[in-house]
Amino acid sequence: MRDHAKGRGKNCRIEWLLPKFPWLSHLSVLMIASTSGSAATETSGELPAEIVKLWPYHASLVIFGFLLLVWGMTVARKKENGWLKKHRLLGISGAAVSVAGMTMAIYMIYAASQKHFRMPHAYLGSVVILLSIVTLDLGLLQLKASNKGKTKIRWVHRIFGRTALLLMALNMLFGMLIVSSA
């Protein structure tokens, strides 16, 4: 572990993420542009008005949850002072915001009187949320497991976490394609 006693506050800011992940700034611009575009303000021929009105909230919650989870993974990989506490906080927050995003999606489909699970985006989103919750549970469980059990649980926690982030990114692209094609 490195000693960061002098620059402890610097590691808590988001500025250190941007040089390592330059695509974050592009993602935020895309998020802002997508919520202020024509699909958010006028009714499309294919999407019901309720979905057009509510999808920016769903997208914002999911993208924010994704960013928190990626930040949590980055903190865990760097392993600086206090990393476990930050990783745990970011993981719990990211999973909670992602679940809120899925809850918004369920409400959005319900409000539009649409059939649930009619697109692969919904199925993949459900798998991602399930993986996120299981990953969170495994992370908390490994803190209480024996040394032999910790190693196995940690390995599954890492695999599930990486898989959840990869599938979440893919599903966000699917969602953007759905909205942009309407």
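Key figures for this structure:
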{"read-out": "For the stretch 128-157 and the stretch 70-91, distance of Cα centres in Å", "value": "15 Å"}
{"read-out": "Exposure proxy ranking, count of Cβ atoms within 10 Å, fewest first, for 135, 74, 151", "value": "151, 74, 135"}
{"read-out": "Residues 155, 83, sorted so that the one with the fewest Cβ neighbours within 10 Å comes first", "value": "155, 83"}
{"read-out": "Greater than 21 Å apart at Cα, pairs in 78/144; 86/150; 86/148", "value": "78/144; 86/148"}
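We did not get these values from a lab; they are worked out from the coordinates using the rules stated. None of these values were measured; they are calculated from a predicted model. Please note: Cβ atoms are built from the backbone with ideal geometry, for glycine as well, and neighbour counts cover all protein chains shown.
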